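Peer 1: Have a look at this one.
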Amino acid sequence: MSELFNKMCEIANKAQVSSAHHPVCLHQLNKLFNTSKLNEFVEAFSNILKIIMQAEYKNSNPEVERILQFVALFCEGVERKMSQDLESTIMESPFLSAIIQLLLMAQPNANHVIRYRACQLIQTILSQLKGFELSVEIFDTIQDAMLERLKDERESVRLQAVCAIFSLQDPSDPDCPVVNELSTQMMGDPSAKVRKLCLEKVGLRQDILENIIMKTRDVNVKVRLAAYTRCSLIPKAFKVIQRQKLIKYGFTDENESIRMYMHEHFVTSWFECYEEDYLMFINSLCLDSDFKDCKETSVVVEHVLSAFFASKPHLELKQALNLNENRLLPLEDLKFESVLYWRCYLEMLRKCDVDEDEYFPELVHLCKYIQNYYKDKNDLDPESVEYFHNQFILQQLFQITMKYDFGDKFLQETLNALVGEVLQNAVLEEEVVEAIMKNLDYTIPDVNEQIKFVCLLISEISYEVPEVPEPEENNTNKLELAKLKIELSCLKEDLDVAIKEQNFLKAEGLKDRITEVENVIINCEVAESGEVLQEYEKKTDLGTLRKCLDICNGLLSSLRITTLNSMLMTLKDNTIQVLLSHKDETVGYKAMKCYGLCCIMDQSTAEIGIHLFCVPIDSYSAGTVCNTDRLLLAISAVVDMIVLYGTDLIAKPTDPENSFDEQHETIFKGGSSLTTIIQGLVDLLQDENTDVQEHASHGLCNLLLASRIQSHAVISRLILKWCTPHSNDEQLQKMIQRIGLTLEKLPRIRDSADELENAVLPTVKAIIKAPKTSPLAGVNALNIANFLIQLCQTHPQRYHMNSNLMIRICSDMLKRPKSVNNLTYSKMLLMFPLDEIDSTLMRELLTICDDVRNEVLDKLVVRNVIKFIANITSLMNQIGSIQEESDEDKENIPVNNISPQQQTSLDNIESIEQ
């Protein structure tokens with residue numbers, strides 16, 4: 001036996017020197033195997049393995065790696081010979097079974113080195129035995145042991161367990177324990193290396209794909225990069241929404257290396273999987289169920305094209321569109337993905353130093369192109385998919401028109417004519433109207449002219465005016481109007497000359513005359529339009545009302561318009577306000593949206609409007625059924641008005657009957673107080689609707705950051721919302737991030753110290769006393785307490801906040817010595833920094849803590865209080881010794897060497913100490 005072992009040792013020593021020796025050593029060991037009894041050979045071989053398993057692994061050890069590989073090669077040779085003899089690929093040799101059994105017995109060993117080497121040996125043997133099948137007994141035994149090692153306390157052992165077990169997984173089995181455990185470790189292992197390795201090795205299922213996408217948000221950059229690398233190879237395995245997530249997350253990642261990887265490798269890899277067909281690739285990223293999806297799709301496509309523009313020739317990108325001689329996409333090729341690609345392509349070109357005339361179609365041709373398209377598609381069924389695609393295509397085309405230079409008056413008039421025609425005649429969705437209206441910001445430089453253009457357009461849409469022969473008197477009025485416009489043009493030219501000649505007195509007179517002529521022209525045009533329209537009834541069909549309100553919304557949303565002039569006030573009173581109480585939900589919602597924009601631009605309107613918008617919040621909080629869209633709009637409007645105008649805005653109107661005509665008296669429900677509004681928003685934080693939660697939290701955060709409210713109760717509720725476990729819903733995650741950002745900024749807000757300080761203990765108490773059915777029951781109160789204390793340390797007044805909190809905690813424990821809160825409170829005391837507190841506070845804390853120690857019976861609480869007392873006492877002793885050294889130093893300083901300024905300074909120090 002000893003002779004056999006010695007021969008094996010000689011072979012092993014030779015094998016570990018160089019891999020080149022392995023063939024000879026294998027021949028020698030096989031010879032020993034064939035000439036020895038199996039049990040004796042197994043025993044000697046096991047002793048060799050036991051020595052190998054004790055080799056340290058922290059430092060690189062190539063000798064051990066070579067001997068491990070040699071062992072695997074020998075096991076494979078033995079198994080191969082056995083399978084040839086039995087004509088079977090199932091691993092059933094007694095030798096291999098004995099070796100596997102030895103390695104599995106070493107798994108629970110207390111020595112982590114042995115556990116590591118045992119896992120490593122199993123992994124090396126299994127990787128060498130590819131093509132063989134494990135018997136059921138060996139498979140189950142290895143699987144159970146390695147699943148246990150995946151939970152090992154040592155990171156290195158878990159890594160080897162992953163390498164050993166991943167080949168045993170079956171992704172086709174939804175209940176495969178290996179896949180499930182690898183996924184669990186990928187999501188929650190504390191080690192980034194283990195998470196990364198699990199991510200690389202786990203088998204793919206649909207639920208695993210979603211987890212891999214979540215790992216693109218991992219805190220560790222290498223894990224995120226590994227997730228993107230794995231996803232780059234399998235684009236067709238993902239759903240469209242998952243592809244969009246990956247592109248958005250990757251291109252907006254905070255780490256530059258990941259963004260570079262997305263640009264240089266990820267997009268290219270996906271592109272190759274779609275036969276390098278640009279439109280096919282874009283189509284694979286498109287969601288088109290509604291305009292919200294389309295907006296997200298546009299963002300994704302812009303990211304992808306930004307990568308293409310950095311790596312592909314512009315001409316190649318252009319050829320994918322198959323443009324005609326006018327640089328227009330043929331109408332038969334105008335589809336969802338092609339128009340989106342075209343629009344993004346043209347926008348990218350504007351950012352590059354290229355000759356736009358070679359790529360952009362002439363605006364006149366484009367306007368005619370749009371006109372032909374909308375006329376051809378204007379009779380589609382609004383419920384059909386083709387109708388929605390048509391709306392999206394129109395939106396994209398009008399976004400293209402905004403990219404032109406409108407210095408030429410003719411181009412302005414051409415596009416204005418198209419805008420008026422399409423708005424008046426086409427059936428349009430709100431998002432399309434908004435895109436069309438934005439063009440007017442570029443084509444009509446004067447804001448008042450833009451408002452007048454839109455108001456006249458709304459009048460023409462609202463009234464059906466048949467063609468009638470113009471009377472002679474009307475022609476005379478038009479002639480006078482033309483003369484006035486010519487006079488206005490001449491006056492403007494004279495004004496320019498006067499300014500160039502610096503004749504400012506003449507320029508002032510010309511400016512007044514120009515204002516007079518402009519007012520006369522406006523009055524003439526409005527009067528002329530009114531004379532015609534008064535003869536006909538106003539349209540009341542839903543399509544017309546919705547379109548008019550969409551146009552109003554597009555006008556009021558323009559960033560150029562900041563106040564309500566006389567025309568907008570008339571529009572508000574005669575169109576918007578009239579429709580607020582309309583029985584159709586959509587019309588009422590659109591009217592509320594327009595009215596909210598009016599409130600933002602006019603404080604007198606906001607003083608009444610804020611009470612109108614408080615009604616849905618109050619009603620919903622009281623349990624009344626309310627339209628969700630109106631509620632979300634009301635939340636946003638109320639918060640924006642308070643942020644803009646302050647809390648003084650919230651007061652009951654003195655004369656509500658004059659604020660609305662009789663038709664709208666039912667809308668006004670009386671004044672709303674700031675308290676009821678804030679309470680309503682706080683209650684909405686717990687709503688089952690995610691959108692409502694998100695809007696309510698966003699509103700409260702904005703009010704806190706704008707210093708419009710100061711409430712520790714609101715801060716406490718937001719903290720509880722922030723720390724409550726949530727699902728992986730993207731919207732909820734955004735809400736949590738926004739609350740977290742608000743909490744981070746809170747210490748920098750003026751006068752926030754008291755409210756932040758007062759929010760600490762109620763928050764901790766709420767978590768401690770949360771019932772078992774509450775989501776807060778799983779939250780660690782001590783972690784949140786530590787977070788709040790650290791948050792207070794970022795405040796400029798942290799000294800006073802720390803002092804007050806420590807006194808308050810001690811006092812609370814003294815008042816309620818049997819409270820369940822005391823254990824957490826006593827641990828919180830040990831979290832406070834003591835280096836900035838003064839001796840007076842130290843003595844006060846020692847006095848209170850002595851009383852607490854005598855009153856509280858819980859030994860753990862008392863032990864923590866004693867530690868706190870010891871910390872204070874130690875600090876006081878240090879301060880005292882430093883003070884004594886300072887006094888000795890002062891005594892040893894020769895008086896003759898002290899200047900008058902130094903003597904005065906020392907006197908001041910002594911007076912302060914006294």
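Peer 1: To the nearest 10 degrees, how steep is helix 504-533 against the longest Cα principal axis of the chain, on a 0 to 90 scale?
Peer 2: On a 0 to 90 degree scale, this one is about 90.
Peer 1: Here's a follow-up. Distance in nm between label sites at ASP754 and SER581, each 7 Å beyond Cα in the beta-carbon direction?
Peer 2: Distance between label points: 4.4 nm.
Peer 1: Go through 209-218, 693-702 and give me the packing order, highest mean Cβ count within 10 Å leading.
Peer 2: Values: 209-218: 18.4, 693-702: 22.3.
For the peptides 209-218, 693-702, the packing ranking is 693-702, 209-218.
Peer 1: Explain nothing, just the number: relative contact order of the stretch 130-244, from Cα pairs under 8 Å at least 6 residues apart, as a whole percent.
Peer 2: Working: 113 pairs, mean separation 20.0, N = 115.
Relative contact order, the stretch 130-244: 17 percent.
Peer 1: Quick one: check the C-alpha center-to-center distance for the stretch 764-788 versus the stretch 377-405, whole angstrom.
Peer 2: Rounded to whole Å, the Cα centres lie 52 Å apart.
Peer 1: Could you pull out every one of the aspartates and glutamates with an alpha carbon less than 17 Å from that of LYS151, ignoring same-chain neighbours closer than 8 positions?
Peer 2: Excluding near neighbours in sequence, the set is GLU181, ASP189.
Peer 1: Among [x] 35.8; [y] 30.4; [z] 32.9, find the value of Kirkwood radius over Cα pairs in Å that was calculated from the structure presented, and write down its label.
Peer 2: It is the value labelled [x].
Peer 1: Related question: Rounding to the nearest 20 debye, state how big the charge dipole of the stretch 263-414 is about its Cα centre with +1 on each Lys and Arg Cβ and -1 on each Asp and Glu Cβ.
Peer 2: Using only the charged Cβ atoms, the result is roughly 380 debye.
Peer 1: In addition: Quote the charge dipole size of the chain about the Cα centre in Debye, to the nearest 20; the model charges only the Cβ of Lys and Arg (+1) and of Asp and Glu (-1). Could the numbers behind the result be given before it?
Peer 2: Values: 91 positive and 137 negative charges, 905 e Å.
The calculated dipole for the chain is roughly 4340 debye.
Peer 1: Of the cross-linked pairs LYS547/LYS583; LYS292/LYS572; LYS827/LYS867, which ones have a Cα-Cα span greater than 19 Å in the structure shown?
Peer 2: Details: LYS547/LYS583 16 Å; LYS292/LYS572 28 Å; LYS827/LYS867 10 Å.
Over 19 Å Cα-Cα: LYS292/LYS572.
Peer 1: Rank-order 332-338, 245-251 by packing density, defined as the average count of other C-beta atoms within 10 Å over each peptide's residues, highest first. It would help to have the intermediate numbers written out before the result.
Peer 2: Numbers: 332-338: 16.6, 245-251: 20.4.
Most protected by this proxy first, the peptides run 245-251, 332-338.
Peer 1: Taking the simple approach of a point 7 Å from Cα along Cα-to-Cβ for both LEU380 and LYS81, what is their distance in nm?
Peer 2: Going by the 7 Å Cα→Cβ label model, 7.5 nm.
Peer 1: Of GLY420, SER697, VAL615, whose Cα points farthest to the positive end of the dipole of the chain (charges on the beta-carbon: +1 Lys, Arg; -1 Asp, Glu; origin at the Cα centre)?
Peer 2: SER697
Peer 1: Further, regarding this structure: Just subtract the alpha-carbon distance of ASP290 and ASN854 from 0.36 nm times their residue separation and send over the number in nm, one decimal. Display every interim value, and only then the final one.
Peer 2: Values: separation 564, 0.36 × 564 = 203.04 nm, distance 6.76 nm.
That works out to 196.3 nm of additional length.
Peer 1: Okay, next question. Which entries in LYS452/LYS593; LYS248/LYS375; LYS239/LYS772; LYS409/LYS506 show an alpha-carbon gap greater than 31 Å? Let's see the in-between values first.
Peer 2: Working: LYS452/LYS593 21 Å; LYS248/LYS375 36 Å; LYS239/LYS772 37 Å; LYS409/LYS506 28 Å.
Exceeds cut-off: LYS248/LYS375; LYS239/LYS772.
Peer 1: Between HIS726 and ASP355, what length in nm is gained on full extension when 0.36 nm per residue of separation is reduced by their alpha carbon distance?
Peer 2: On the way: separation 371, 0.36 × 371 = 133.56 nm, distance 5.12 nm.
Full-extension gain reported as 128.4 nm.
Peer 1: Putting +1 on Lys and Arg Cβ atoms and -1 on Asp and Glu Cβ atoms, find which of TYR345, LEU199, LEU366 reaches farthest to the positive end of the dipole of the chain.
Peer 2: Sorting the options by dipole projection puts first LEU199.
Peer 1: Given points 7 Å out from each Cα along the Cα-Cβ axis, report the GLU275 to ASN59 separation in nanometres with one decimal.
Peer 2: Placing both labels 7 Å along Cα→Cβ, they lie 5.9 nm apart.
Peer 1: I've got another one for you. Would you be so kind as to identify which of GLN790, VAL304, LEU571 lies farthest towards the positive end of the dipole of the chain, taking Lys and Arg as +1 and Asp and Glu as -1 on Cβ and the Cα centre as origin?
Peer 2: The residue sitting farthest along the positive end of the dipole is GLN790.
Peer 1: Right, something else. Sorted by average packing, counted as other Cβ atoms within 10 angstrom per residue and highest first, what order do 383-389, 279-285, 778-784 take?
Peer 2: Working: 383-389: 13.1, 279-285: 19.1, 778-784: 15.9.
Going from most to least packed, we get 279-285, 778-784, 383-389.
Peer 1: Here's something else I'd like to know. What percent does the relative contact order of the chain come to when contacts are Cα pairs within less than 8 Å and at least six residues apart? Let's see the in-between values first.
Peer 2: Numbers: 898 pairs, mean separation 36.7, N = 914.
With pairs under 8 Å counted, the relative contact order is 4 percent.
Peer 1: In whole Hz and in residue order, list the ³J(HN,Hα) couplings for the stretch 791-808 that follow from phi through the Karplus curve 6.51 cos²θ - 1.76 cosθ + 1.60, θ = phi - 60°; x for Gly and Pro.
Peer 2: Coupling constants for the stretch 791-808: 5, 5, 5, 8, 8, x, 9, 4, 4, 5, 5, 4, 4, 5, 5, 5, 4, 5 Hz.
Peer 1: Straight-line reach only, C-alpha to C-alpha below 27 angstrom: list the lysines that LYS31 could link to, leaving out same-chain residues fewer than 8 apart.
Peer 2: LYS7, LYS14, LYS50, LYS81, LYS130
Peer 1: Given R₀ = 41 Å, FRET efficiency for VAL364-ARG513 by Cβ-Cβ distance, to 0.05?
Peer 2: Working: r = 36 Å, r/R0 = 0.88.
Approximately 0.70, to the nearest 0.05.
Peer 1: Relative to the longest principal Cα axis of the chain, at what angle does helix 112-128 sit, 0 to 90 degrees, rounded to 10?
Peer 2: Computed tilt is about 80 degrees.
Rule-based calculations on the coordinates, nothing more; no lab input. Quantities reported herein were computed from a predicted structural model and do not represent experimental measurements. Methodologically, a virtual Cβ is constructed for each residue, glycine included, from the backbone with ideal geometry; neighbour enumeration extends over all protein chains shown.
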